[in-house]
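**Q** Dropping a structure here in structure tokens format, bear with me for questions.
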Amino acid sequence: MSIVVVTPHDLVGRDAELRDLTALLEGVKEGGGALVLSGAAGVGKSALLGAAMADAAARGARVLTVTGVFAEGQVPYEGLRRLLAGTGLAPDDLDGGPLRAAMAVLHRLSALAGELPVVLAVEDAHWLDEPSWEALAFVGRRLRSDAVVLLATLRDDADAQARLAASGLPMLTVPPVTDQAAAELVARVAPGLGIALRARVLVEAAGNPLALMEFAALASRQDQGVLASSRLPLTRGWNARTRRRSPRWPPTPGCWRSSPPSTRTTRSRRTRGPRPCWRARRSRPPRWPPRFGRGWSSPTPYGSGSGTR
């Protein structure tokens, strides 16, 4: 998914997060830094990153962007190559080991920052290949004396949080919006929404901005009387924006039930030894809200389950 540049006034209920990002960008000429935006899918990490990019461009900074791609997660340094394309980084600068590659990136960014401040925007950093992430973490810990800012978005699952903890980079957790901000957002998207249906959208969305916008827009286009008394189905927009962030596992044909195939074995009828189980049903990313497509249920806090997003 590409990063969409937005202006700060387009965001609702994100004043505190925008202040932190603005403070980091305002002080970039005196010294850079890094900040990782962490949170559940749909909570607004990408929107905040887009707002920071717009702010940085307005300040005259050079903005370099990259989006992590699950299919390229096993290609060493592919993320860095795409991020620093056209900056003068030589192809062999990333050869010779992790330390040499990280130092080459740091020196290249320092040289670029001598001309203009540099802002690195990394979307879906949890899908970057490990060598690229480690090199960026190395750089992010050493930006005090350079006019370089590293911004990244990271999902909130256990694997991503473990990667973040090991990096030593500062984190900003993006929470759901407040009730007041949620009501304002719904009023912007669907100003004519009925009181009863609006209340249900607010309860079920639990402060998730993407859910608020998608379901408020859907409700405004449907028969409100029918929806208020029955169900509000999952929208194409919600599925497209959340499920495309959830990789299929395993990436090659095969499937599993509750654990990866490497941890599940079955006994072959022809052999006595165990072999990997590839007959289980392919895993699907969990739906949120859990019963949103099957009827209204009691509110479930967003991100409380163990999803793959």
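**Q** Rounded to the nearest whole Å², what accessible area per residue is found for the stretch 108-169 with the 1.4 Å probe? Don't skip to the answer; put the middle values down first.
**A** Details: 2190 Å² over 62 residues.
Using a 1.4 Å probe on heavy atoms only, each residue of the stretch 108-169 averages 35 Å².
**Q** Can you compute the FRET efficiency between VAL69 and GLN180 using 1/(1 + (r/R0)^6), with r the Cβ-Cβ distance and R0 = 25 Å? Round to the nearest 0.05.
**A** Numbers: r = 37 Å, r/R0 = 1.48.
FRET efficiency, VAL69 to GLN180: 0.10.
**Q** Still on this model: What is the stretch 114-210's relative contact order, in percent, from Cα pairs under 8 angstrom and six or more apart in sequence? Please list the in-between numbers first.
**A** Working: 68 pairs, mean separation 26.9, N = 97.
Computed value for the stretch 114-210: 28 percent relative contact order.
**Q** Next up: In percent, what relative contact order does the stretch 50-168 have, based on Cα pairs under 8 Å that are 6 or more apart in sequence?
**A** 32
**Q** Mind listing which GluC sites (Glu not before Pro) in the stretch 50-126 are in a DSSP loop and have 14 or fewer other Cβ atoms within 10 Å? Walk me through the numbers before you get to the answer.
**A** On the way: sites: GLU72, GLU78, GLU115, GLU123; in loops: GLU115.
Passing both the DSSP loop test and the Cβ count: GLU115.
**Q** Just to verify a number: FRET efficiency for ALA85 and ALA58, C-beta to C-beta distance, R0 = 25 Å, to 0.05? Could you put the intermediate results ahead of the total?
**A** Numbers: r = 23 Å, r/R0 = 0.94.
Efficiency, from the Cβ-Cβ distance: 0.60.
**Q** Express in nm, to one decimal, how much length is gained between THR22 and ASP95 on full extension, taking 0.36 nm for each residue of separation and deducting their alpha carbon distance. Walk me through the intermediate numbers first.
**A** Numbers: separation 73, 0.36 × 73 = 26.28 nm, distance 3.56 nm.
Gain in length upon complete extension: 22.7 nm.
**Q** What FRET efficiency, computed as 1/(1 + (r/R0)^6) with R0 = 22 Å and r the Cβ-Cβ distance, is obtained for LYS29 and ARG141, rounded to the nearest 0.05? Write out the running numbers ahead of the final one.
**A** Values: r = 20 Å, r/R0 = 0.90.
Here the calculated transfer efficiency is 0.65.
**Q** I've got another one for you. Counting only protein heavy atoms and a 1.4 Å probe, tell me what percentage of the stretch 7-65's accessible area is made up of carbon and sulfur.
**A** Values: 1160 of 2300 Å².
The nonpolar share, carbon plus sulfur, comes to 50 percent.
**Q** Suppose accessible area is computed on protein heavy atoms with a 1.4 Å probe; arrange ASP55, ASP159, ASP92 from highest to lowest. Could the numbers behind the result be given before it?
**A** Numbers: ASP55 35, ASP159 120, ASP92 85 Å².
Highest to lowest solvent-accessible surface, that is ASP159, ASP92, ASP55.
The values are calculated or read from the model by the stated rules, or taken from the named source; none is laboratory data. Values in this document were obtained by computation on a predicted structure and should not be read as measured data. Positions of Cβ are generated from backbone atoms using ideal geometry, with glycine treated the same way; all protein chains shown enter the neighbour counts. Just the protein is used for accessible areas: all its heavy atoms, side chains included, with ligands, DNA and RNA removed. Shrake-Rupley method; radii C 1.70, N 1.55, O 1.52, S 1.80 Å.
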